[in-house]
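Every number here is computed from the coordinates shown, using simple stated rules; none is lab data. Remember, predicted model here, so these are calculated numbers, not experimental data. Heads up, the Cβs are rebuilt from the backbone with ideal geometry, glycines too, and the neighbour counts pull from every protein chain shown.
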Amino acid sequence: MTIKNIIAGTSFCAVFVATAASAQDQKAPASVSHFTGKTSVKMHTDAKNGLDCSVGSVSFEPGARTNWHSHAGGQILLIEEGTAYYQEKGKPKRILHKGDLVTCLPNTEHWHGASPDSRMTHIAIGPNADKGPVVWLGKVGDEEYLKGTTISGSKEFLSKRQQSIVAISALTAKGDLALLKTELNKGLDAGLSINENKEILIQLYAYCGFPRSLNAINTLKTVTEERKAAGKTDPIGAEPALVDKGIDKYDLGKKNLQNLTGQPETRKAGYALFVPVIEIFLKEHLFADIFSRGVLSNQDRELVTVAALSSLGGVEAQLQGHLAIARKTGLSDDQLKQMHDLVSNL
């Protein structure tokens, strides 16, 4: 999958040259006076290596960030994990994800750190160290950290509702019911209706089995009951449609699958020839009964499927097939990359 290289401004590594050069292989807390929240640094090499360039890894706990500061020699940042915030003076705040690469021009005032709900680690490269030290400025307060225009570091990203679909699907597949309960609450807060949540969990039985699906449905039942008892009113949402009894479900499923893939079926797959009934179940139940129920769009349903398959492992062939379908529904590589990052960080 294509990784978007973002050029705009962040970094951080030369910051630690003076304080951490003697501990290249040790993780140490970053200077408290220059940060808000818990951070740590591991220097890989300092600027005395003959190249006048330092390299280190810096980790931020959720909500942690630098002060406003600038680098006389500039800096390069590569996000290793989590979600990062970055902002230059006078410009919108950016959101960066795993694999994003950012350059910070010399003497550009900026700050950066982790998002409120994600731990973040980046590699920071400090070139041209002989041009001068880091200039530290004022702290980034809570209001400044959270407010302001936010733009994505890549072309497109998933909405909060879509992110909830991804998290709910992945955690159902993993069987992590404690974290699933949290994400179901977040999903309802993000605008998912009760019926949309039900449809996600119904569809998932076809990909991760009845036990995972039923456990997740029971968790959703508990969540909705607790929210109702707490005085919260969640929308029920659209009612699902049923396939007309007079319709040939095999033909309907075949048509739905062809609409998803954009390709006509020219020959039977090997598994269908070997066990014909499984192909009937696939067409009549999954792609007819489930994919004809409405409530969720085809794009939503592919988010569900790809997130679940990404969590299961050992299903690379099916995952590649559904990634292609996901693109057909309009999901961009940047959105799929963020989906992958979200699943990886759960």
Column: log10 I(q)/I(0), Debye, Cα scatterers of the stretch 52-98, q = 0.14, 0.19, 0.21 Å⁻¹: -0.41, -0.77, -0.94
Per-residue ³J(HN,Hα) for the stretch 288-296, Karplus 6.51 cos²θ - 1.76 cosθ + 1.60, θ = phi - 60°, Hz, x for Gly and Pro: 9, 4, 7, 6, 9, 6, x, 6, 9
Rounded tilt (10° steps) of 177-189 against the dominant C-alpha axis of the chain: 90
Signed unit charges on C-beta, dipole axis of the chain, positive-most listed residue 223, 58, 112: 223
HN-Hα J in Hz across the stretch 338-346 - Karplus 6.51, -1.76, 1.60, θ = phi - 60°, x for Gly and Pro: 5, 4, 4, 5, 4, 5, 5, 8, 6
Filter on 186/328; 254/337; 255/283 - keep pairs with C-alpha separation over 19 Å: 186/328; 254/337
Per-residue Cβ neighbour rank within 10 angstrom, fewest leading, 306, 343, 135, 243: 135, 243, 343, 306
Per-residue Cβ neighbour rank within 10 angstrom, fewest leading, 219, 66: 219, 66
Of the trypsin sites (Lys or Arg not before Pro) in the stretch 149-258, those whose Cβ has at most 12 other Cβ within 10 Å and which sit in DSSP loop: 155, 232, 245
Candidate lysines for bridging to residue 42, where Cα separation is under 16 Å - those fewer than 8 sequence places away on the same chain excluded: 27
MRE, 222 nm, helices only [DSSP H, n ≥ 4, -39500 (n - 2.57), over the chain, to nearest 500]: -12000 deg cm²/dmol
Interchain or long-range residues, amide H under 5 Å from residue 98's placed H: 82
Cα point-scatterer Debye curve for the stretch 219-346, base-10 log of I(q)/I(0) at q = 0.10, 0.21 Å⁻¹: -0.43, -1.30
Mean Cα-pair separation over length for the chain, i.e. relative contact order, pairs under 8 Å, 6 or more apart, %: 17
Sparse-neighbourhood loop sites, trypsin sites (Lys or Arg not before Pro) in the stretch 35-113 - DSSP loop, at most 14 other Cβ within 10 angstrom: 48, 89
From phi via Karplus (6.51, -1.76, 1.60), per-residue ³J(HN,Hα) for the stretch 49-54 in Hz, x at Gly/Pro: 8, x, 10, 6, 8, 9
Summed residue charge, Cβ within 12 Å of residue 62's Cβ, Lys/Arg positive, Asp/Glu negative: +1
